[in-house]
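Enquirer: The structure under discussion is supplied below as structure tokens; questions concerning it will follow.
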Amino acid sequence: MKRLLILGGTGDAAKLATRINQLPQLETIYSLAGRTQAPHIPLCKNRTGGFGGVSGLAEYLKSAKINFVIDATHPFAEAMAASTAAACIQTNIPRVKFCRMPWKPKVINWISVPNYSEAAKKLRAAGKRIFLSIGTKNLHYFSMLSDKWFLIRVIENPAHPIPLTDCKILLERGPFEEIKEHTLLNNYHIDVLVSKNSGGEQATKLRAAHNLGIPILMIEQPLPPSGKTVYTINETLTWLSDQM
Ligand code: NAP
């Protein structure tokens, strides 16, 4: 019996793990950082919590006798992707990055920025009431914008105080219907939407903002670490069967 570690933390990753867990001759272990109280849990073995950087993960891979690794973390989980790549090189364990295809501007246009600090710079001259739809981890990049009002939407109460002068926290878990997003943007008089290009199925907030003529500032995905990348469950299954 071979052993597979899946680094997860998203709905897509949980779906992938549940699908892979049906394969014979393979034991699947799904790993979560442990940030959310009610994460998507797949139907397979689970573990929770950081490994302790590259060396901790390399140690875990050896002691748990892992044969393959799928990094299915969110496209913006850069630290985990980097340490997974490094630990797999160190231990000579095959790894693939399960990516989400970034959204492409077509009908809906946006202003692309490469990172949070560039988004904050652009916001200085744009808008007063901002829907900052990026989670809570990187809000400090926006803390100097003390003349702006922010709408923050999260699935559970933030563990730390929000570093913004004037904001409203909404506790809600998606998916959100476009009509609901439309109403939200209207009710809070939002004049700029800031989003991460999380990719996958296009978010309804983008269509709602587009239809209301609200400018969108898009923080583009960081590049994944070098190495094999896959974008679908089928591609991942093919990669896995090539390794077995
Ligand atoms: P990150 O900055 O890349 O990771 C920070 C640290 O958290 C890592 O160094 C690692 O600790 C631990 N960690 C992250 N993912 C882990 C996993 N799947 N299993 C065990 N430990 C993990 O990640 P993040 O942006 O804070 O995201 C945390 C988790 O939330 C990820 O699993 C990600 O898939 C999920 N998520 C992130 C986003 C986002 O926008 N960033 C959105 C939705 C879901 P050690 O160094 O101690 O191993």
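Enquirer: List the relative contact order of the range 188-239 as a percent without decimals, with contacts defined as Cα pairs under 8 Å and 6+ residues apart. Numbers along the way, then the final one.
Expert: Values: 34 pairs, mean separation 20.5, N = 52.
Result for the range 188-239 is 39 percent.
Enquirer: In whole angstrom, note down how far apart the Cα centers of the range 145-213 and the range 62-88 are.
Expert: Centre-to-centre distance over Cα atoms comes out at 30 Å.
Enquirer: Can you tally the net charge around PRO158? Count Lys and Arg as +1, Asp and Glu as -1, for every other residue whose Cβ sits under 11 Å from the Cβ of PRO158.
Expert: +1
Enquirer: Divide by every residue of the chain the summed helix terms, -39500 (n - 2.57) for each DSSP H run of at least 4, and state the resulting mean residue ellipticity at 222 nm, rounded to the nearest 500 deg cm²/dmol.
Expert: -8500 deg cm²/dmol
Enquirer: Evaluate Rg over Rh across the range 12-154, taking Cα atoms for both radii and Kirkwood's formula for Rh.
Expert: 1.05
Enquirer: Of all the C-alpha pairs in the chain, what % are more than 27 Å from each other?
Expert: On the way: 11950 of 29646 pairs.
So the pairs more than 27 Å apart make up 40 percent of the total in the chain.
Enquirer: For LYS168, which lysines qualify as cross-link partners when the Cα separation must be under 18 Å and same-chain residues fewer than eight apart are set aside?
Expert: LYS128, LYS137, LYS148, LYS180, LYS205
Enquirer: Return a whole-number percent for the relative contact order of the range 71-175, with Cα pairs under 8 Å and 6 or more residues apart as the contact set.
Expert: Across the range 71-175, relative contact order equals 18 percent.
Enquirer: Can you work out the Karplus-derived ³J(HN,Hα) for every residue in the range 189-199? Use 6.51 cos²θ - 1.76 cosθ + 1.60 with θ = phi - 60°, whole Hz, and x for glycine or proline.
Expert: Values, residue by residue: 6, 5, 10, 8, 10, 10, 9, 8, 7, 6, x Hz.
Enquirer: What residues have an amide H closer than 5 Å to that of GLU27, excluding those fewer than 5 places away on the same chain, when H is modeled at 1.01 Å from N in the peptide plane?
Expert: Result for GLU27 returns LYS2, ARG3, LEU4.
Enquirer: Separate question: Could you give the angle, 0 to 90 degrees to the nearest 10, between helix 233-243's Cα long axis and the longest principal axis of the Cα atoms of the chain?
Expert: Relative to the chain, helix 233-243 is tipped by roughly 30 degrees.
Enquirer: So what is the relative contact order for the range 95-244, in percent, with contacts set as C-alpha pairs under 8 Å and at least six apart?
Expert: Across the range 95-244, relative contact order equals 35 percent.
Enquirer: Please report VAL107, VAL69 as a ranked list, fewest other C-beta atoms within 10 angstrom at the top and most at the bottom.
Expert: Fewest-to-most ranking of VAL107, VAL69: VAL107, VAL69.
Enquirer: Taking +1 at the Cβ of each Lys and Arg and -1 at the Cβ of each Asp and Glu, which of TRP149, LEU171, GLN202 sits farthest along the dipole of the range 111-219 towards its positive end, judged by Cα position relative to the Cα centre?
Expert: Checking the options against the dipole of the range 111-219, the answer is TRP149.
Enquirer: Hey, in the GNM for the chain with a 10 angstrom Cα cutoff, which one of PRO114, PRO175, PRO163 fluctuates hardest?
Expert: PRO175
Enquirer: Arranged from highest to lowest average of other beta-carbon atoms within 10 Å per residue, in what order do the peptides 53-65, 7-19 appear?
Expert: Put in order of decreasing packing, that is 7-19, 53-65.
Enquirer: Here's a follow-up. Enumerate the amide H contacts of GLY200 below 5 Å, restricted to partners 5 or more residues apart or on another chain; note that Pro and chain-start residues carry no placed amide H.
Expert: Result for GLY200 returns MET101, TRP103.
Enquirer: Which lysines, on any chain, are close to LYS62 with Cα under 23 Å apart, when same-chain ones fewer than 8 places away are left out?
Expert: Filter leaves LYS2, LYS45, LYS97, LYS228.
Enquirer: Okay, moving on. Give me the log10 of I(q) over I(0) for the range 111-219 at q = 0.12, 0.19, 0.20 Å⁻¹, as the Debye formula computes it from C-alpha points; what are the numbers?
Expert: Log-scaled intensity ratios, in q order: -0.36, -0.98, -1.10.
Taken together, the values in this text are just the output of simple stated rules run on the coordinates, not laboratory data. The structure displayed is predicted, hence computed values, not measured ones. Positions of Cβ are generated from backbone atoms using ideal geometry, with glycine treated the same way; all protein chains shown enter the neighbour counts.
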